[in-house]
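Okay, so here's the structure we're looking at.
The values are calculated or read from the model by the stated rules, or taken from the named source; none is laboratory data. In this text the structure is predicted, and so the values were computed from the model without any measurement. Note that each Cβ is placed from the backbone with ideal geometry, even for glycine, and that neighbours are counted across all protein chains shown. Heads up: the accessible areas ignore ligands, DNA and RNA and are worked out on the full protein's heavy atoms, side chains in. Shrake-Rupley method; radii C 1.70, N 1.55, O 1.52, S 1.80 Å.
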Amino acid sequence: QVQLVEFGGGLVQAGGSLRLSCAASGRTFSYYHMGWFRQVPGKEREFVARISWTYDSPYYSDSVKGRFTISRDNAKNTVYLQMNSLKPEDTAVYYCAAAKSYVTAPNRYDVWGQGTQVTVSS
């Protein structure tokens, strides 16, 4: 079973950039599809981006397409989320997650990190 820890959250001004990292432990990381999600208090967890274990076909929500980039390095057991042109509405706790299937729904993901706070000031 893989375990996940997120890094890189913080406070940034609107228009700025942040890079989130998600470090995985466990030998089977490279066989998991990976996703990033975000959640604000009182709302459901929202899909942000996903990438397959073969690096193919990254997929993004419409709200971040063109601004965020998901990538992974299986040799380093790490998945990244580069966030550019940040907006105040991007403020949330960001989670990485691992799934055996290449899916978008949060309930299809098997393993979750603890989350990292991203705050974008206007």
Any residue at all in segment 69-89 that's open to solvent by 20 Å² or more (accessible area, probe 1.4 Å), more than 14 Å from residue 118 (Cβ to Cβ) and among the acidic types (Asp, Glu)? yes
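Listed here are the residues, each with its yes/no results for (1) within 16 Å of residue 120 (Cα to Cα); (2) under 13 Å from the mean Cα position of the chain (by Cα).
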{"position": "45", "(1), (2)": "no, yes"}
{"position": "56", "(1), (2)": "no, no"}
{"position": "59", "(1), (2)": "no, yes"}
{"position": "83", "(1), (2)": "yes, yes"}
{"position": "93", "(1), (2)": "yes, yes"}
Can you tell me which residue is nearest to residue 61 (Cα to Cα) among those in segment 4-28 that are open to solvent by less than 30 Å² (accessible area, probe 1.4 Å) and over 15 Å from the mean Cα position of the chain (by Cα)? 16
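Is it true that residue 36 is modelled with pLDDT of 95 or more, in contact with a Cys (Cβ under 9 Å, 6 or more places away or on another chain), open to solvent by 30 Å² or more (accessible area, probe 1.4 Å) and closer than 21 Å to residue 4 by Cα?
No.
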